[in-house]
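Structure, as structure tokens:
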Amino acid sequence: MPYITSIEQIGLEKGEQIGIVKSSKESIITVLETRFENVPTNIVDAVNQIDNIKSLKQLTKTAVLIDYLESFADLLPHK
């Protein structure tokens, strides 16, 4: 395995975090589209504004379990 500097390691970790965030957002939207068909752009936009991995993980679980799309929308941060 080639040697990588600590700066390269930080860059790799940051890239991994970005990938996890992007994948989580896509998963939430896919689950919502599968369950509710048409997901309004304001909900998609709100999900895409979230960058906290812990929040995204919780929203993924919620998207699977929640009964109404409107209830999911109420949980999103409003700007």
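The values are calculated or read from the model by the stated rules, or taken from the named source; none is laboratory data. All values derive from a computational prediction rather than experimental measurement. Note that we place each Cβ from the backbone using ideal geometry, even for glycine, and neighbour counts take in every protein chain shown.
A few points about this structure:
- Verdict on Leu32 being in contact with a Leu (Cβ under 8 Å, 6 or more places away or on another chain), in contact (Cβ under 8 Å) with a residue 12 or more places away in the chain and of a type outside the set (Val, Ile, Thr): yes
- Taking the criterion of being farther than 16 Å from Leu76 by Cβ and either acidic (Asp, Glu) or outside any helix (DSSP H, G or I) (or both), the residues of the stretch 34-64 that qualify are Glu37, Asn38.
- Boolean, Ile18 is aliphatic (A, V, I, L, M), surrounded by 10 or more Cβ atoms within 10 Å (Cβ to Cβ), modelled with pLDDT under 95 and within 17 Å of the chain's Cα centre (by Cα): yes
- Filtered by the rule that a residue be closer than 19 Å to Lys22 by Cα and of a type in the set (Val, Ile, Thr), the stretch 34-79 gives Thr34, Val39, Thr41, Ile43, Val44, Val47, Ile50, Ile53, Thr60, Thr62, Val64.
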